[in-house]
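Have a look at the structure below, then the notes.
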Amino acid sequence: MMEGFGVNTYKWVNAEGKAVYVKYHWKPKLGVQTLDRHEATKLAGEDPDYLVRDLRNAIANGQDVEFELFVQLMQIEDELKQDFDPLDPTKTWSEDKFPLMPVGKMVLNKNPENFFVEVEQAAFCPSSIVPGIEFSADKLLQGRTFSYADTQRHRLGPNYLQIEVNRPIVEVNNSQRDGGMQMGKYSGPVNYEPASIAGGSPMESQIGTQSTFAVGGDAMSKKISKTNDFQQAGEKYLSLSKKDQKHLIDNLVADLMPIQKSIQQRVIVNLTKANPELSKSVAKGLKL
């Protein structure tokens with residue numbers, strides 16, 4: 001009953017090389033349901049595995065554990081028309097301007113039989129993409145494309161993509177041999193490419209049409225110019241139900257209570273920029 005939201009922006013590219021920006025969203029079929037702070041604190045002490053067991057039992061009992069996949073699309077030429085940076089991972093795209101479009105679903109219908117083999121060895125990397133999907137200039141995504149893969153190589157070995165839980169359903173044929181976690185049973189003298197032996201087989205597959213774009217100007221390290229750091233936070237607060245607003249205020253007060261007064265006051269200043277009503281409620285709870 002949790003949503004999944006990809007903070008990073010990718011690109012979708014069609015057969016003609018035309019690209020658009022895309023963000024991904026997972027929405028639970030059962031809707032979003034949560035525990036409040038007091039319930040969560042109690043369960044953390046009495047039954048910390050409550051949610052994991054709830055999910056496992058639901059799957060074991062044949063209940064629907066289903067998530068629908070939605071995407072938001074933005075034309076690349078519209079990037080600079082926004083009052084914020086669409087590639088900034090701390091920002092969201094308005095669903096009024098960029099509506100959610102359903103494109104698929106995921107159904108969890110089987111629990112792991114061997115937790116280590118099927119879960120602990122799973123290696124998720126933003127760099128593992130398929131033809132038709134490309135990386136945007138999202139700074140965080142650019143860093144993740146290599147750092148996550150490095151982490152998995154360190155954790156599982158250089159051939160981590162050959163482990164069953166990580167390998168694609170279709171058969172992969174290449175000349176990759178040896179090294180840690182090697183799963184293939186390769187023979188023969190060829191472990192390089194291109195090779196004249198065996199007619200050069202296996203050969204590289206086509207990667208599909210890629211998008212192109214012109215780059216110009218001076219390269220430099222620079223802060224994001226279109227920050228607009230408070231408008232979206234205020235709009236999010238107003239979109240919540242009265243009950244959820246109350247929970248948010250309660251959570252903020254509880255987290256800020258042990259912090260020194262000067263930091264509390266700085267937080268109140270920032271909350272005021274987002275929504276004066278929210279800041280007043282938090283200040284009242286902190287007795288400022």
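The values are calculated or read from the model by the stated rules, or taken from the named source; none is laboratory data. Just so you know, these numbers come straight off a predicted model, no measurement behind them. Using ideal geometry, Cβ is built from the backbone for each residue, glycine included, and neighbour counts are taken over all protein chains shown. Ligands, DNA and RNA are stripped out before the accessible areas are found, and what is left, the full protein with its side chains, is counted by its heavy atoms. Shrake-Rupley method; radii C 1.70, N 1.55, O 1.52, S 1.80 Å.
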| task | Determine whether Val22 is β-branched (Val, Ile, Thr) and in contact with a strand residue (DSSP E or B) (Cβ under 8 Å, 6 or more places away or on another chain). | result | yes
| Is it the case that the stretch 186-195 has a residue that's touching a strand residue (DSSP E or B) at 6+ places or on another chain (Cβ under 9 Å), of a type in the set (S, T, N, Q) and open to solvent by 60 Å² or more (accessible area, probe 1.4 Å)? | no
| field | Condition met for Leu141 (assigned to a helix (DSSP H, G or I) and within 20 Å of Trp12 (Cα to Cα)) | value | yes
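Let's see how each residue does on (1) assigned to a helix (DSSP H, G or I); (2) out of contact with any strand residue (DSSP E or B) (no Cβ under 9 Å at 6 or more places or on another chain); (3) open to solvent by less than 100 Å² (accessible area, probe 1.4 Å):
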{"residue": "Ser205", "(1), (2), (3)": "no, yes, yes"}
{"residue": "Thr209", "(1), (2), (3)": "no, no, yes"}
{"residue": "Ala214", "(1), (2), (3)": "no, yes, no"}
{"residue": "Gly217", "(1), (2), (3)": "no, yes, yes"}
{"residue": "Lys223", "(1), (2), (3)": "no, yes, no"}
{"residue": "Gly234", "(1), (2), (3)": "yes, yes, yes"}
{"residue": "His247", "(1), (2), (3)": "yes, yes, yes"}
| said: Residue pairs, Cβ under 7 Å, 6 or more apart or interchain, first in the stretch 222-233 and on the phi > 0 side of the Ramachandran plot, second at pLDDT 75 or above and not in a helix (DSSP H, G or I). List them. | reply: Asn228/Asp83; Asn228/Phe84
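Residues checked against (1) open to solvent by 80 Å² or more (accessible area, probe 1.4 Å); (2) under 15 Å from the mean Cα position of the chain (by Cα):
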| residue | (1), (2) |
| --- | --- |
| Val7 | no, yes |
| Tyr24 | no, yes |
| Gln33 | yes, no |
| Leu43 | no, no |
| Asp47 | no, no |
| Ile59 | no, no |
| Phe70 | no, yes |
| task | For the stretch 57-90, enumerate the residues that are within 17 Å of Met2 (Cα to Cα) and in a loop (DSSP other than H, G, I, E, B). | result | Gln63, Asp64, Val65
| field | Top-ranked residue of the stretch 120-151 - restricted to ones that are under 30 Å from Asn61 (Cα atoms) and in contact (Cβ under 8 Å) with a residue 12 or more places away in the chain, ranked as surrounded by the fewest Cβ atoms within 10 Å (Cβ to Cβ) | value | Phe124
| request: For the stretch 152-173, enumerate the residues that are surrounded by 14 or more Cβ atoms within 10 Å (Cβ to Cβ) and of a type outside the set (A, V, I, L, M, F, W, C). | output: Gln152, Arg153, Gly157, Pro158, Asn159, Tyr160, Gln162, Asn166, Arg167
| said: Looking at the stretch 154-174, I want the residues that are in a helix (DSSP H, G or I) and have a partner that is of a type in the set (Val, Ile, Thr) and open to solvent by less than 60 Å² (accessible area, probe 1.4 Å) with Cβ atoms under 7 Å, at least 6 apart or on another chain. Which pairs are those? | reply: Leu156/Ile163
